[in-house]
Amino acid sequence: PPVVYSRYTDDTLRGMIKRLRERTEMLKEKTIDPYATSPEISPPVSKYSKYRRYIAWLTVVAVAFNYNVWFCSARLAFPYHSETANPYWIFFDILSDAVNIIDIMVWQPRLQFVKAGDIIVSQTSLTKVHYRKSQRFKTDIISILPFDLLCLRFEFSSIYRLNRFIRIESFFEFSDRLESIMAKAYIWRVARTTGYLLFMLHLNACAFYVASVHQGLATTTWVYDGKGSAYLRCYYFAVRSLINIGGLPEPITTFEISFQMTNFFIGVFVFSSLIGQMRDVIGAATAGETYFRASMDGCVAYMNTYSIPKLVQNRVRTWYNYTWAAQGMLDESELLDKMPLVMRTAIAVDINLATFQKIALFQGCDQQMLVDMLLRLKSIVYLPGDFVVKKGDIGKEMYIIKSGAVQVVGGPDNSIVFVTLKAGCVFGEISLLQSAKDGGNRRTANVKAHGFANLFVLEKKDLFDILVHYPESQKVLARKGRKLIKAKGPAAAKTTEEKQKGLTLFGQKPPTPKMLKAFGNFGGLMDKLKSQISWNSPHLDP
Ligand SMILES: Nc1nc2c(ncn2[C@@H]2O[C@@H]3COP(=O)(O)O[C@H]3[C@H]2O)c(=O)[nH]1
């Protein structure tokens, strides 16, 4: 089958870029709804995609490669060739050769390649020529030259198969591609580094056996004495020797001393660098968590320096822990900042556009405007009971609930819940859509987090920056804003239920300058701030 795979870019990424380009074009034209099928922008790598099938095949090639390097070296060192064993060896040798030949004849020549930086060539006639001219083709051909046939003339030995080792590139390719599709790539990296360590020990075991035979088995106390399982005993020697555990019989002859010293040096330089690599892999895998811990510890140290009350400290810790548990990072925007705009858009659209399109307030607005808004959203977590919005404050941002819920509350001690807003709802928009002329830009109600609330914040400044470019949407929003104010704002209070209940939730006039002055002193401001924090929200231990 004409299967085509890219050497430099995988087809998923290509597909994604293509679709993004199409969508960008569509967005420019704005004639059709470009997001009607938005989830398509970044389709999950399908289980049976060509790319995955290629990786499955590479796994087979990697197994064949590993068979060659592990078994050929062992067969070369240890006396593993016998009348009974040889047919099995021949069978597996042929099997691994067949895999390599199929790879070189069928799969490799069909790999796509990138020409002149950005043209992806997938035409089989061209990819074949490209492969044949590549350096890789030369090494691939040398690696399958059947020197084994010399066995017909000479003794059966795996020395004739050493050229199979130069197919190592196929193993690296397998490793890289596997990493690229794994959600937790570090698992593979740790496994691979462990494999390297075991292979180093394997080679050393082989060398020790050869050295022992060279000296004469059981001739000194240092050499292998020929008893028990040769491979296991030699491997054990290699482990003790390379990891510098010591406790080995003293080498006596010059040869033995040189061998042992070489082993120690290899242990110190090569082996320890591999172990260091392992530490790096694990360190990189937990880097996010380390950053989170360092950030939290720094904050706690800062709070201790300034003798911040324990209660506040606990809340800060709770916030850190919850934010980490909920989103796995402290600041999402930090991560996305480095990406090109088109990628950020794709991600933002994929994650949030569907939620956005359902928001009644934005219905009838320009789609591109929504996308612009998505890019400016910031994610923030509120602890249970905290006030997100306080009645009478100047509205500087609006919120969209990502997860959790908030409650619009009122009454003398905010004990009356007017409405509970859930994921996908918008709040804080009323004061944003009013003009400041008559003090109308003030919050019309108290809104408090009900449980942990994960919110998107859109700043007024950002919203207005965007609206400048979309006069039509601006009109739509202004109209909706007026309607909302009529329905929920101060004027509505006279007729609403709250009035009957004697509540002043929506009826109260915005605070007068005199009232605001009262908050001007530090103590007043602190009281106000404290009243916005719930002091008995749960404490999460790290
Ligand atoms: N005034 C009022 N606000 C509500 C109601 N339901 C939800 N809210 C939200 O509570 C928010 C308080 O701040 P805003 O006045 O900016 O915007 C308000 C609305 O988004 C309601 O019935 N009346």
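Structure notes:
- Flag if K184 is within 37 Å of the chain's Cα centre (by Cα), exposed (fewer than 12 other Cβ atoms within 10 Å of the Cβ) and over 30 Å from A211 (Cα atoms): yes
- For the range 368-390, the count of residues that are within 12 Å of the ligand (Cβ to nearest atom) and either closer than 23 Å to A348 by Cα or assigned to a loop (DSSP other than H, G, I, E, B) (or both) is nonzero.
- For the range 418-444, filtered to residues that are near the ligand (Cβ under 8 Å from one of its atoms) and in contact with a helix residue (DSSP H, G or I) (Cβ under 8 Å, 6 or more places away or on another chain), the residue that is modelled with the lowest pLDDT is L432.
- For the range 391-413, the tally of residues that are buried (at least 17 other Cβ atoms within 10 Å of the Cβ) and either more than 22 Å from N321 (Cβ to Cβ) or of a type outside the set (D, E, K, R) (or both) stands at 15.
- Qualifying position, being away from the ligand (no atom under 12 Å from the Cβ), modelled with pLDDT under 85 and crowded, with 16+ Cβ neighbours inside 10 Å, among L361, L353: L353
- Reported count of residues in the range 56-85, each being farther than 24 Å from I168 by Cα and surrounded by fewer than 14 Cβ atoms within 10 Å (Cβ to Cβ), is 5.
- Subset of the range 391-417 that is under 13 Å from V457 (Cα atoms) and not in a strand (DSSP E or B) - its residue that is nearest to the ligand (Cβ to nearest atom): G395
- Close pairs (9 angstrom Cβ cut-off, 6 or more residues apart or separate chains): free of Cβ contacts under 8 Å to residues at least 24 places away in the same chain in the range 239-256, assigned to a loop (DSSP other than H, G, I, E, B) anywhere: R240/G246; R240/G247; R240/L248
- From the list A207, A218, A191, the lone residue that is over 20 Å from W57 (Cβ atoms), among the small types (G, A, S) and in a helix (DSSP H, G or I) is A207.
- Boolean, K378 is farther than 27 Å from E429 by Cβ and of a type in the set (D, E, K, R): no
- Among residues of the range 286-319, those that are at pLDDT 90 or above and either aromatic (F, W, Y) or at positive phi (or both), counted: 3
- Residue in the range 165-185 that is without any contact (Cβ under 8 Å) to a residue 60 or more places away in the chain and either among the hydroxyl-bearing types (S, T, Y) or in contact with a strand residue (DSSP E or B) (Cβ under 9 Å, 6 or more places away or on another chain) (or both) present: no
- Checking each residue in the range 332-347 for being in a helix (DSSP H, G or I) and surrounded by fewer than 19 Cβ atoms within 10 Å (Cβ to Cβ) picks out E332, S333, E334, L335, L336, D337, L341, V342, M343, R344, I347.
- The set of residues from the range 229-268 being of a type in the set (A, V, I, L, M) and assigned to a loop (DSSP other than H, G, I, E, B) comprises I243, I245, L248, I252.
- Cβ-Cβ contacts under 6 Å between residues 6 or more apart (or on different chains), taken from a first residue in the range 461-488 that is closer than 18 Å to S431 by Cβ and within 16 Å of the ligand (Cβ to nearest atom) to a second residue that is basic (K, R) and not in a loop (DSSP other than H, G, I, E, B), are listed as D462/R376.
The values are calculated or read from the model by the stated rules, or taken from the named source; none is laboratory data. Everything numeric here is computed off the predicted structure, so don't read it as measured data. Don't worry about glycine lacking a Cβ; one is built from the backbone with ideal geometry, like all the others, and counts go over all protein chains shown.
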